[in-house]
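K.L.:
One structure coming up, written as structure tokens, with questions to follow.
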Amino acid sequence: MNTPGALRLGILISGRGSNMAAIARQCQEGRIRAEVAVVLSERPEAAGLATAREFGIATRAIAWPGAAQRAQFEQAAAAALEDAGAELVVLAGFMRILSPAFVAARAGAILNIHPSLLPKYPGLHTHQRVLAAGEHQHGATVHFVTSELDGGPRVLQSRLVVHPGESEATLSARVQATEHIIYPRVIGWRADRRLVWRADGPWLDGRPLTQPLIEDFNA
Ligand code: GRF
């Protein structure tokens, strides 16, 4: 499909792809002016690839040749993104680190979602670490990707209260449910050009975005 005026997305996944599905659903329901042009994964067995096909989305599995040969993967990924006409790269549970060159070539055109209130808890196992530290608040962050891991400009965060004695399973499920709301929302802002990337970083609604917006989810 090629919907006129829709922002074309190239989504990179490594696993389940629930964020990809949430984004694809909102695109197909016409709730955001975007279209998933292709879903790529370095894991052919990633469940999200099958889900994407159920949505009628083109998929590509590109083998990961090892970190030392990352350029090989990135070349194939870049070609697939270009073939699909992807304008925005959306990382959704993509578990590999892209090279500074790949990221620099797409400044302001790669988004990621991370399961913590960045800058707290970059990296892996965030829910477990949040519980171990006895944090009272947790959430997820949609941010632009730069060469600093989980360190690019933050756009929107979901914030929720950690329940006393809560398990990692329930906390991660609650955080993920908020991801499915905030990620499509930011993509929608980008599609509507409310969110733009300038030489000094992201702007939202005509103002520099120096701090992320925060949405509380404490029903
Ligand atoms: C999400 O929790 C996201 O924050 C993290 O990886 C997970 C991906 O989940 N980056 P899914 O594949 O979208 O279900």
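The values are calculated or read from the model by the stated rules, or taken from the named source; none is laboratory data. Since the structure is predicted, the reported quantities are computational estimates derived from the model, not experimental observations. Quick reminder, even Gly has a Cβ in these numbers, built from the backbone with ideal geometry, and neighbours come from all protein chains shown.
K.L.:
If you check Pro153, Pro119, Pro164, which single one turns out to be surrounded by fewer than 20 Cβ atoms within 10 Å (Cβ to Cβ), more than 13 Å from the ligand (Cβ to nearest atom) and either under 15 Å from the mean Cα position of the chain (by Cα) or not assigned by TED's automatic domain parsing to the domain that holds Pro212 (or both)?
P.N.:
It is Pro153.
K.L.:
Name every residue in segment 130-150 that is under 15 Å from Leu171 (Cβ atoms) and either aromatic (Phe, Trp, Tyr) or more than 14 Å from the ligand (Cβ to nearest atom) (or both), in order of residue number.
P.N.:
Matches in segment 130-150: Leu131, Ala132, Ala133, Gly134, Glu135, His136, Gln137.
K.L.:
Within the bounds of segment 78-95, is there any residue that is outside any loop (DSSP other than H, G, I, E, B), over 20 Å from Val36 (Cα atoms), free of Cβ contacts under 8 Å to residues at least 60 places away in the same chain and of a type outside the set (Lys, Arg)?
P.N.:
no
Residues are listed down the side, and each one gets a yes or a no for (1) outside the structural domain of Met20 (by TED's automatic domain parsing); (2) in a loop (DSSP other than H, G, I, E, B):
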{"position": "Arg43", "(1), (2)": "no, yes"}
{"position": "Thr51", "(1), (2)": "no, no"}
{"position": "Arg60", "(1), (2)": "no, no"}
{"position": "Gln69", "(1), (2)": "no, no"}
{"position": "Phe73", "(1), (2)": "no, no"}
{"position": "Ala76", "(1), (2)": "no, no"}
{"position": "Ala101", "(1), (2)": "no, no"}
{"position": "Val130", "(1), (2)": "yes, no"}
{"position": "Ala140", "(1), (2)": "yes, no"}
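K.L.:
Just to be sure I understand the filter: pairs with C-beta atoms under 6 Å, separated by 6 or more residues or on different chains, first member in segment 198-219 and exposed (fewer than 12 other Cβ atoms within 10 Å of the Cβ), second member part of a loop (DSSP other than H, G, I, E, B). Which pairs pass?
P.N.:
Asp205/Arg194
K.L.:
Within segment 1-12, track down each residue that is surrounded by 15 or more Cβ atoms within 10 Å (Cβ to Cβ) and either in contact with a Phe, Trp or Tyr (Cβ under 6 Å, 6 or more places away or on another chain) or at positive phi (or both).
P.N.:
Across segment 1-12, the qualifying residue is only Leu12.
K.L.:
Among the residues of segment 142-170, count how many are acidic (Asp, Glu), at pLDDT 95 or above and part of a loop (DSSP other than H, G, I, E, B).
P.N.:
Adding up the residues that qualify gives 1.
K.L.:
In segment 17-41, which residues are polar (S, T, N, Q) and either away from the ligand (no atom under 15 Å from the Cβ) or not assigned by TED's automatic domain parsing to the domain that holds Ala78 (or both)?
P.N.:
The answer is Gln28, and nothing else.
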